[in-house]
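Read through the structure below, which is laid out as structure tokens, and then see the notes.
The values are calculated or read from the model by the stated rules, or taken from the named source; none is laboratory data. Just so it is clear, the structure is predicted and the values come from calculations on it, not from any experiment. Positions of Cβ are generated from backbone atoms using ideal geometry, with glycine treated the same way; all protein chains shown enter the neighbour counts.
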Amino acid sequence: MEENPPNPRRVRLRDVTLAETVRSAGYRTALIGKWHLDPQPQLVGFDSAVYPGYDHKYYGQTYYDERARPFVVPEFGGEFEARRVTEFLEASVAARRSSCITTSRCRTSPSARGTCRSGSSGSSRG
């Protein structure tokens with residue numbers, strides 16, 4: 001049976017992850033969106049995280065933060081995630097960091113309502 005959210009007590013991955021590599025170079029890292037892996041995001045290099053539970057809902061989705069605390073988002077999940085990405089980038093710009101790396105992937109099906117956004121802006125290097 002899969003755990004929801006992933007168990008933070010699992011053994012850490014043996015290989016260095018991309019998030020750990022980027023963070024060790026001085027960048028802030030954030031996971032925003034799907035995460036169906038163990039261990040939890042902060043154990044593999046993400047400074048912050050917001051990810052949905054395994055049971056998919058377009059509205060009223062339960063999300064988890066980097067401490068695996070659940071909270072329900074009443075709005076459309078794709079719009080919520082896009083807003084969180086924007087907030088992360090704006091906070092990075094406000095902190096006057098010098099560069100930025102971002103990636104994104106649409107978590108909704110092609111027939112779902114909403115938009116998917118990607119790109120980079122400002123900075124996230126600390």
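Tabulated data for the structure shown
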| quantity | calculated |
| --- | --- |
| Members of segment 66-95 that are at pLDDT below 90, small (G, A, S) and over 21 Å from L37 (Cβ atoms) | A91, S92, A94, A95 |
| Total residues in segment 68-92, condition within 15 Å of D47 (Cα to Cα) and either in contact with a strand residue (DSSP E or B) (Cβ under 7 Å, 6 or more places away or on another chain) or aromatic (F, W, Y) (or both) | 3 |
| Single match in F76, F71 (criterion: touching a residue at least 24 places away in the same chain (Cβ under 8 Å), over 24 Å from L18 (Cα atoms) and not polar (S, T, N, Q)) | F76 |
| Set F76, F88, F46, F71: member being over 11 Å from the mean Cα position of the chain (by Cα), aromatic (F, W, Y) and buried (at least 16 other Cβ atoms within 10 Å of the Cβ) | F76 |
| Residues of segment 40-85 classified as among the aromatic types (F, W, Y) and assigned to a helix (DSSP H, G or I), total | 1 |
| Residue in segment 96-105 that is surrounded by 12 or more Cβ atoms within 10 Å (Cβ to Cβ) and modelled with pLDDT of 65 or more present | no |
| Residue among Y63, Y27 that is surrounded by 19 or more Cβ atoms within 10 Å (Cβ to Cβ) and at pLDDT below 85 | Y27 |
| Any hit, segment 22-30, residues being under 21 Å from E79 (Cβ atoms) and either in contact (Cβ under 8 Å) with a residue 40 or more places away in the chain or in a loop (DSSP other than H, G, I, E, B) (or both) | yes |
